[in-house]
Amino acid sequence: MAAVQSPAHDPAQLRREIDALGPWFHNLHLPGGVQTLPDSFIGGDFPGFKWREIAPHVPQDLSGWRVLDVGCNAGYYSFELARRGAQVTAIDVDAHYLKQARWAAGVLGLDHRIDFHHMGVYEVARLPGTWDLVWFMGVYYHLRYPLLALDLLARRTRRLMMFQTLTMPGEEVHPDTSDRPLDQREAFLAPGWPKMAFVEHSFAGDPSNWWVANHAGCEAMLRAAGLRILGRPAGEIYLCEPDPAPRARDWASDLLVGSALEAVREVAQPQPPR
Ligand SMILES: C[S@@+](CC[C@H](N)C(=O)[O-])C[C@H]1O[C@@H](n2cnc3c(N)ncnc32)[C@H](O)[C@@H]1O
């Protein structure tokens, strides 16, 4: 007997709803073989091809794990992690993508496992508790204040962080980044010195791109945030855990003396006319 398609999963109806919710960035695989963006500009089935590289590095059974998906977009990773048993908090600044994610969670029957919040990464400071797994993929280079976000998320990571950012070409790591005299600055120009290129205008036609780090820079910033790198599941992707003996370098005065909260409030306001 032929399977009866429930009205909610009628492919033609799903297609209409997908079109109404577009444009899409994630290619979600929905019932009946329907996909939201089968031919992504990033390379076909995105982020499916990335997930297939990372998936073996994520515990198969996430029952009892709390997961934070930062910049969840249409929810691809939230859905995969929820399928492994996790309870997911998924946040994004873009209401358009959250609408897609909420809709897809309903279609996939995963809405009971995921709480979606319309919020930016810095607002995680207002949420209580820690997460067993912090999924911080594809957001870092979009942040004007990336280290603030990384420091915050590192403190809220109980077991693992999956981190991905846009990187410069090259894999070099400088063998010695220790202290130097004031007049010895050539080392900063070496390819393996930790670096981030600042994007003043836009990159790849996207003015929301601010910083592009090199590989050594990613490793150094993760360590400086108190994380230990466990592995690199794929290019630009770092699997980390809290370092039991983090580097004790005092940077707190940078935030306290400058009264960081007041500074944040001020720069968040539109510029008054001069
Ligand atoms: C390049 S997409 C990455 C989506 C997904 N994490 C992935 O790796 O496929 C960046 C996502 O981060 C969101 N985003 C950008 N800035 C953010 C911020 N400050 N806080 C939270 N989400 C942000 C965007 O709206 C977008 O959905």
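The values are calculated or read from the model by the stated rules, or taken from the named source; none is laboratory data. Note that the coordinates shown come from a computational prediction; the quantities given were computed from them, not determined experimentally. As a convention, Cβ positions derive from the backbone with ideal geometry for all residues, glycine included, and neighbour counts pool all protein chains shown. Just the protein is used for accessible areas: all its heavy atoms, side chains included, with ligands, DNA and RNA removed. Shrake-Rupley method; radii C 1.70, N 1.55, O 1.52, S 1.80 Å.
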Given a Förster distance of 45 Å, the FRET efficiency implied by the Cβ-Cβ spacing of Asp254 and His29, rounded to the nearest 0.05, works out to 0.50
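Between Ser63 and Asn209, what length in nm is gained on full extension when 0.36 nm per residue of separation is reduced by their alpha carbon distance?
49.1 nm
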Here the FRET efficiency for His117 versus Met168, based on Cβ atoms and R0 = 25 Å and rounded to 0.05, is 0.20
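In terms of the Cα gyration tensor, with a ≥ b ≥ c the square roots of its eigenvalues, is region 124-175 rounded because a/c is under 1.5, prolate because a/b exceeds b/c, or oblate?
prolate
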Here the net charge surrounding Gln100, from other residues whose Cβ is less than 15 Å away from its Cβ (Lys, Arg +1; Asp, Glu -1), is -2
Rounded to the nearest 5, the percent of DSSP beta bridges in the chain running antiparallel is 45
Taking 0.36 nm per residue of separation between Thr130 and Glu266 and subtracting their Cα-Cα distance, the length gained on full extension comes to 46.1 nm
So the carbon and sulfur contribution to the accessible area of region 155-274, 1.4 Å probe, in percent, is 57
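With a sphere of radius 14 Å drawn around the Cβ of Leu256, what net charge do the other residues whose Cβ falls strictly inside it have (Lys, Arg +1; Asp, Glu -1)? Mind showing how you got there, number by number?
Details: positive: none; negative: Asp151, Asp250, Asp254, Glu262.
With Lys, Arg at +1 and Asp, Glu at -1, the net is -4.
Provide the gained length on full extension for the span Leu182 to Leu147, in nm with one decimal, where the gain is 0.36 nm per separating residue minus the Cα-Cα distance. Walk me through the numbers before you get to the answer.
Working: separation 35, 0.36 × 35 = 12.60 nm, distance 2.46 nm.
Result: 10.1 nm gained on full extension.
Could you give the semi-axes, largest first, of the ellipsoid that matches the chain, computed as the square roots of 5 times the alpha carbon gyration tensor eigenvalues and rounded to whole Å?
The equivalent ellipsoid of the chain has semi-axes of 36, 21, 20 Å.
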In the neighbourhood of Tyr238 defined by beta carbon distances under 9 Å, the net charge of the other residues (Lys, Arg +1; Asp, Glu -1) is -1
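What is the ratio of the Cα radius of gyration of region 76-117 to 2.2 N^0.38 Å, where N is its residue count, to two decimals?
1.02
Taking every pair of Cα atoms in region 155-274, average 1/r, invert it to obtain the Kirkwood radius, and report Rg/Rh to two decimals.
Details: Rg = 17.2 Å, Rh = 17.0 Å.
Taking Rg over the Kirkwood Rh, I get 1.01.
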Quick note, region 61-186: a/c under 1.5 would make it rounded; otherwise a/b > b/c is prolate and the rest oblate (a ≥ b ≥ c, C-alpha gyration tensor); here it is prolate
Hydrodynamic radius by Kirkwood for region 1-108, inverse mean 1/r across distinct Cα pairs, in Å, is 14.7
